[in-house]
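One structure is given here, and the rest of the page talks about it.
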Amino acid sequence: MDLLKRMGSRIQLSVLALAVALPGAAFSHPHVFIDASFELVFNDSGDLAAVRIDWAYDDFYSLMLIEENGLDADSDGMPEQAALDAYAGQDVDWAAGFPGDFVIERGGVPVALD
């Protein structure tokens, strides 16, 4: 009987170890990788007048934007310039309540730039 108990415990332990070691289903959400740069623009008085922001999406997200928005109508692998011009700015049309805009603050108060 003692042998059966030990075997049962070993089997249970083996099943538990196997269940923990097996990979489970992975649920994830898409990520967007962006290379961004910021350029501070000063006026003639030396005051900060603007911030130029440039960003480039990763290849996969760029492809998704091109496909989902019909920016390559002739499917030649190059989006049409007219379609890109018409789409410009829509990728930063944030959903209501999403604080996605760039803001400069001083002491917690937004600073207006020229």
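Rule-based calculations on the coordinates, nothing more; no lab input. These figures come from a predicted structure and were not determined experimentally. Quick reminder, even Gly has a Cβ in these numbers, built from the backbone with ideal geometry, and neighbours come from all protein chains shown.
Observations on the structure shown:
- Among Gly89, Ala73, Leu48 - extreme Cα towards positive end, dipole of segment 29-110, charges at beta-carbon: Leu48
- Amide H to amide H distances under 5 Å link Ala49 with Val41, Phe42, Asn43, where only residues 5 or more positions off or on other chains count and H is placed in the peptide plane.
- Karplus-derived 3J(HN,Hα) values for segment 49-58, using 6.51 cos²θ - 1.76 cosθ + 1.60 with θ = phi - 60°, are 10, 6, 10, 8, 10, 10, 9, 10, 6, 5 Hz; glycine and proline are entered as x.
- You can think of it this way: the chain between Asp54 and Val109 has 17.4 nm of extra reach, that is 0.36 nm per residue less the Cα-Cα gap.
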